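What follows is a short report on a single structure.
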Amino acid sequence: MVAVTVPRSAAPPAAATRRRRRGGGLSPWLFALPALAVYVVFLVYPAVTSLWFSLTNWDGLSPSYDVVWFDNYVALTKDPVVLQAARNNLVWTAVTLVVPLVLGLLLAIVLNGKVRGKPVLRLIFYTPAVLPLVSIASIWGWLYNPQYGAINVFLRTVGLDGLAQPWLGQDSTALAAVMVPAIWLRTGFPMLLYLAALQGINTEMYEAATVDGATRWQQFWYITMPSLRPAHYIVLALSLIDSFKVFDMIYAMTYGGPGTSTQVMGTWMYANVFQYYQAGYGTAIAVVITVVALAVSIPYVISQTKEQSS
Amino acid sequence: MTSRDISRRLFLGGSASAAALYGLSACTGAGSSGSGGGASAPVSNELRLFTYEDDTTIDLLRATVKKFDAQAGTTTTVDSLPGSGAAVYPDKLRTELLGGKGPDVWRIWGGQIGSPFAKAKQAADLAPYYAKFGWDSTVNANAVAGMTFDGMKAGLPFIAAAMGAWYNKSLFEKAGVSGPPTSYAELEEANDKLVAADITPCGVAGKFGWDIMRLFEYLLETSAGPELHDKLLSGEESWDQPAVVDAFTKFKKWQDRKWIPEGALGLDPSDVEPGYVQGKNAYTITGTWTETQAILESKKPASDFGTFLLPTDHTPARHSGFVEGYMINANSGNRDKAAELLDFIIKPETQKSLQNTSSTVTGAEPDKTKLPLAAKWAEISKTSPFYVVLDQAFPKQQADQYFAVQSDILQGSISPAEAAKKMQGIVSAWVEK
Amino acid sequence: MSSIAPVAALPDAVVGGPDPLQHRPRPRGGVAMTVVLTIVAVIWIAPLVLLVTTSLRPLSDFIARGPLSWPADFTLSNFGEAWGIGNFAATYRNSALLALMKVPLGVLISAMLAFALSKLRMRFRKTIMFAVFMGLTIPIYITLVPIFIMLRSAGITDSLLGLVGPYLAFGIPFEVLVLQSFFRQVPNEIVEAARIDGASNWRIFWTIMLPLSAPALVTVGILDAVSTWNELLFALIILNSDAHKTIPVGLLNFQGQFSSNNTGLAAGILIAVVPILVAYILLQRYIVGGLTAGATKG
């Protein structure tokens, strides 16, 4: 949180309270309404209607269906692919949460400091995030090609022939192989966010700390990191949720394969709803994704709605 | 009035009307069942055709449709999802049908890809039109069977794609392979010679499963023979038997002996399939579209390449094939006009002008001078029946499960015997439903 | 302590610059860091160099020698071809229109909601926050069919207008969360002070919150523009006629089921990506432009 000294004297408490009460009530709702209206109509309502189908055996195409209550959820627990997908999600989340965050933070700190050519560097590190997914899948597909791909060619040139392998073509390495471009493209956002947050830190604190004899490391831990806490929260929360929902990246690079080794909940849901004509079952998977992601975000929401202690 | 009051009014007014509008439309439009049932659109002169025609040929289709419009007095819109849009084509089609705004005519693959639409009663029964226009006599009967589900003729097929080996002559020569192999043993020998000459024999890729599958189903036909193969596909015979294990053993052998590209499982078909034209692989397993898409594209002469039926050592010597056709929307108000459009498209002259190299229509064989190799296949197809491509024989879910087995066996995590057992588990579970 | 107000006028981060009060070593360290970072940047950008070289070579060269070889031939013709294949004349216009319609509007309404959530007393704050969060967690693909049905009833399928609603809705959770987090950091005292001076919430919003959060607004705006520009699935399903398609849908044209025009695709991607990069270059100074008045207003 940002420490601030406000020399101006505050108005007498009673008057301020009176004005505050009048300011509340209708006014906040006017601000909230446009966004909420759009949101409810185009997201909440369709989502809730869809989620209803998880209680049915709708195939996603016929005009009729039966209600099967929780049969889909029971089937979920017995589905070996769901287990594999959940495991993949966990691994995926752990890696694509931590690495881009750390990298992004590092880059932001360095780019906020004494470096030349900042605009160019900032642009370079952010650019992958701007690319359409089709390009990322193509480019990395070429890089990973077992015969002529840059990665294997490089390994062979430096004599590490044994390490050259079909990265995307075998169960053991496929998921890891997809995580690399994911990190590559997901580092830009934390970097951006941290940069914006770092800009808001009062440099006077650093000056004062230096005068007091604090080392740069101490300054980092005791001034920078705490000031970045809101940014940390956002990056963590958004990355976490994104990781649970991940779909596009994996779909584009491996299609869930080879076999089912890179299936995640998102791709498995898509397959069931859109390709296997099992919309009911697939929607149940979607519900599970949603519930887990919601559960994980509870601490964040609570922290954000606590009474502000600026 | 202060600016605050005015803006408050604007807010209230704007938000309220917007909410009302959307609320209304949501009420009338949404329903737990798609509005497909019952309410047919009124008869008009407007038709909509939805397809996944490649960009290289879409103009031909549009020109054809224009001609039809001129003589029938209709206005037809043609929407297309070219290229890789074909992968998401069924999703879009499905969404539109559910939303009550489906096309009057749509193109779709046969077999288990098209059957859900028939089962869900979204596709119209075309039997009356078959009778009226006499399609039975002009269209290949096997193809029609590919779009007939539960006895209902749900589609009019216009593509009967035949798949075989397409090879690069100079690479064969370089390896000392004298010509197309005529038996399976000869094919294996040819593969070894190619490997010895440092050439990758068979360019297949596993990214979506269906390309490498073409190799397996050929091996299955070779090991099991036509009758057993068909019974396996329909679930009448168990997959847990020696012939299947033999096929899987051969499958693994192709990879172990490096007869397919290294790391084939992770490769993309669109990168690998044209490889025989580029001199990267000796041959590939594909259909006649490759003549236009790969050979003509490369501007190399067709005489540099050849094609042959993959030898199965059985009689009849079959090849793998699949069907694509048009369906008519069961809820369209313009079914008769749509059928007229289809009849127009299916005429031999139209098929030729559309450059359909795999037409189901007699009299629409490809031009020998322009597309000699595709023409050769038209000849082959006259005597060689086809077995349905595995991923059309099975619904997508089972096909994906097969792809998982395929992946496991190629990576050596299961043995051929285990693979056969797994397949049996998959197929029997499906058949029981 | 007096504030360093003029900081706002200086373009690039002077915030971290040399200060007579500090005893830190001179910018010598800056050069070393720059070198290290440049090396990392080069490796980082290498895959994109691949994209550029692919777009500059003829397709035959690409096929004959493989994607990772240095081109024997250079050509600009891919760009001209790609412009036609990808139907960029139409898709550019459509994507640009969509972004211009949607992004400012989305950022505005999200900022308003964020303001209400963070600075105004509002009942049901927790519920709304949860609901907003839910929007982030739901896989959007399941909303496809109901949204299509809605749009069809309103008669706005196959039009850019039809996309605006869903795009706005999907952008809201993320934007609201980021913005409300930034807004919370604006000290309450400032807001209170303005209220005491008689300012209405609306004026506080426009004259205090937004300016102070400019970096956050720009950041959110850029991120929103990028995802609008690259969104594929909804554009694919809702839009039909070629005249209305957006850029990502147009890019599908380059990849066949059985073969790909890779050089054309590379050129097409570069064409598609350029505006976003340009916008980013122009706007990034606002993100890091040292608009730190919020922290030091005295």
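Among the listed residues C:L223, C:L177, identify the single one that is under 22 Å from the mean Cα position of the chain (by Cα) and surrounded by fewer than 24 Cβ atoms within 10 Å (Cβ to Cβ). Give the derivation first.
Values: C:L177 fails: surrounded by fewer than 24 Cβ atoms within 10 Å (Cβ to Cβ).
Answer to the selection: C:L223.
Of the residues making up segment B:137-190, those that are acidic (D, E) and farther than 18 Å from B:A123 by Cα are B:E173, B:E186, B:E188, B:E189. Scanning segment B:191-212 for residues that are assigned to a helix (DSSP H, G or I) and surrounded by 23 or more Cβ atoms within 10 Å (Cβ to Cβ) yields B:N191, B:L194, B:D211, B:I212.
The one condition from (1) facing another protein chain (nearest Cβ under 7 Å); (2) over 22 Å from C:F130 (Cβ atoms) that C:S181 does not meet is (2).
Among all positions in segment A:61-78, there is at least one residue which is surrounded by fewer than 19 Cβ atoms within 10 Å (Cβ to Cβ), in contact (Cβ under 8 Å) with a residue 12 or more places away in the chain and within 14 Å of chain C (Cβ to nearest Cβ).
Look through B:E324, B:E262, B:E273 and report the one residue that is farther than 21 Å from B:P181 by Cα and more than 14 Å from chain A (Cβ to nearest Cβ). Show your work before the answer.
On the way: B:E262 fails: more than 14 Å from chain A (Cβ to nearest Cβ); B:E273 fails: farther than 21 Å from B:P181 by Cα.
The match here is B:E324.
For segment B:93-112, what are the residues that are in a loop (DSSP other than H, G, I, E, B) and at the interface with chain C (Cβ under 8 Å from one of its Cβ atoms)? Break it down stepwise before answering.
Pass one, segment B:93-112, residues in a loop (DSSP other than H, G, I, E, B): B:99-104, B:110.
B:G99, B:G100, B:K101 - these are the residues of segment B:93-112 that are in a loop (DSSP other than H, G, I, E, B) and at the interface with chain C (Cβ under 8 Å from one of its Cβ atoms).
A Cβ distance below 8 Å, combined with a sequence gap of six or more or placement on separate chains, defines the contacts here; from segment B:256-283, residues that are over 16 Å from B:G164 (Cβ atoms) and without any contact (Cβ under 8 Å) to a residue 24 or more places away in the chain reach residues that are part of a helix (DSSP H, G or I) and not charged (D, E, K, R) in the pairs B:G263/A:W167; B:G263/A:L168; B:G263/A:G169; B:Q278/B:S298; B:Q278/C:I63; B:Q278/C:A64.
Looking across segment B:46-92 at every residue that is among the small types (G, A, S) and in a loop (DSSP other than H, G, I, E, B), the one that is surrounded by the most Cβ atoms within 10 Å (Cβ to Cβ) is identified as B:G83.
Name every residue in segment B:117-138 that is crowded, with 21+ Cβ neighbours inside 10 Å, modelled with pLDDT of 90 or more and either out of contact with any helix residue (DSSP H, G or I) (no Cβ under 9 Å at 6 or more places or on another chain) or outside any helix (DSSP H, G or I) (or both), in order of residue number.
So the first thing to find is which residues in segment B:117-138 are crowded, with 21+ Cβ neighbours inside 10 Å, and the list is B:117-118, B:120, B:122-124, B:126, B:129, B:135.
Those still in the list that are modelled with pLDDT of 90 or more too: B:117-118, B:122-124, B:126, B:129, B:135.
Of everything in segment B:117-138, those that are crowded, with 21+ Cβ neighbours inside 10 Å, modelled with pLDDT of 90 or more and either out of contact with any helix residue (DSSP H, G or I) (no Cβ under 9 Å at 6 or more places or on another chain) or outside any helix (DSSP H, G or I) (or both) turn out to be B:A118, B:Q122, B:A123, B:A124, B:L126.
Residues considered: B:S384, B:S413. Of these, the only one that is more than 9 Å from every other protein chain (Cβ to nearest Cβ) and surrounded by fewer than 23 Cβ atoms within 10 Å (Cβ to Cβ) is B:S384. Is there a residue in segment B:168-179 that is basic (K, R) and surrounded by 22 or more Cβ atoms within 10 Å (Cβ to Cβ)? For segment B:168-179, residues basic (K, R) and surrounded by 22 or more Cβ atoms within 10 Å (Cβ to Cβ): absent.
Test A:W167 against the criterion of being buried (at least 17 other Cβ atoms within 10 Å of the Cβ) and within 14 Å of chain B (Cβ to nearest Cβ), and give yes or no. Spell out the reasoning first.
Details: buried (at least 17 other Cβ atoms within 10 Å of the Cβ): yes; within 14 Å of chain B (Cβ to nearest Cβ): yes.
For A:W167, the condition - buried (at least 17 other Cβ atoms within 10 Å of the Cβ) and within 14 Å of chain B (Cβ to nearest Cβ) - is met.
For the condition at pLDDT 85 or above and part of a helix (DSSP H, G or I), what is the one hit in A:T267, A:T260?
Values: A:T260 fails: part of a helix (DSSP H, G or I).
That would be A:T267, the only listed residue that is at pLDDT 85 or above and part of a helix (DSSP H, G or I).
If you go through segment C:86-106 and keep only what is closer than 16 Å to C:V273 by Cα and in contact (Cβ under 8 Å) with a residue 40 or more places away in the chain, you end up with C:G86, C:N87, C:F88, C:A90, C:T91, C:Y92, C:N94, C:S95, C:A96, C:L97, C:L98, C:A99. Taking the criterion of being in a helix (DSSP H, G or I) and modelled with pLDDT of 85 or more, the residues of segment C:68-86 that qualify are C:S77, C:N78, C:F79, C:G80, C:E81, C:A82, C:W83.
The condition (being within 23 Å of the chain's Cα centre (by Cα), surrounded by 23 or more Cβ atoms within 10 Å (Cβ to Cβ) and over 30 Å from B:G206 (Cβ atoms)) is satisfied by just one residue among A:L123, A:L103, A:L107: A:L107. Exactly one residue out of A:Y300, A:Y270, A:Y255 is within 22 Å of A:P46 (Cα to Cα), in contact with a helix residue (DSSP H, G or I) (Cβ under 9 Å, 6 or more places away or on another chain) and aromatic (F, W, Y): that is A:Y270.
Is it the case that some residue within segment A:90-112 is more than 29 Å from C:L282 (Cα to Cα) and small (G, A, S)? Yes.
Residue under question is C:M112, and the condition is that it be touching a Ser or Thr at 6+ places or on another chain (Cβ under 9 Å), at the interface with another protein chain (Cβ under 10 Å from one of its Cβ atoms) and not hydroxyl-bearing (S, T, Y); does it hold? Before you say what the answer is, go through the steps one by one.
Values: touching a Ser or Thr at 6+ places or on another chain (Cβ under 9 Å): no; at the interface with another protein chain (Cβ under 10 Å from one of its Cβ atoms): yes; not hydroxyl-bearing (S, T, Y): yes.
Here the answer is no, as C:M112 does not meet what is asked.
Across segment A:238-275, what is the number of residues that are facing another protein chain (nearest Cβ under 7 Å) and farther than 26 Å from C:P248 by Cβ? Of the residues in segment A:238-275, 3 are facing another protein chain (nearest Cβ under 7 Å) and farther than 26 Å from C:P248 by Cβ. Across segment A:150-169, a minimum of one residue is classified as modelled with pLDDT under 85, more than 22 Å from A:S261 (Cα to Cα) and under 29 Å from the mean Cα position of the chain (by Cα).
Only residues that are farther than 20 Å from C:M112 by Cβ and more than 7 Å from chain A (Cβ to nearest Cβ) were counted across segment C:125-143, and they come to 1. Against the list (1) within 27 Å of A:Q147 (Cβ to Cβ); (2) surrounded by fewer than 20 Cβ atoms within 10 Å (Cβ to Cβ); (3) not hydrophobic (A, V, I, L, M, F, W, C), the condition C:R93 fails is (1).
When segment C:149-183 is filtered for residues that are acidic (D, E) and under 27 Å from C:A114 (Cα atoms), only C:E175 remains.
For segment A:227-247, filtering for residues that are crowded, with 23+ Cβ neighbours inside 10 Å and over 25 Å from A:A286 (Cα atoms) leaves 1.
Here A:V38 does not fit the description of being surrounded by fewer than 19 Cβ atoms within 10 Å (Cβ to Cβ), at pLDDT 85 or above, in a helix (DSSP H, G or I) and not charged (D, E, K, R). Candidates B:D408, B:D336: the one that is under 19 Å from B:Y129 (Cα atoms) and in a helix (DSSP H, G or I) is B:D336.
The values are calculated or read from the model by the stated rules, or taken from the named source; none is laboratory data. Everything numeric here is computed off the predicted structure, so don't read it as measured data. Cβ coordinates were reconstructed from backbone atoms using ideal geometry, including for glycine residues, and neighbour counts include every protein chain displayed.
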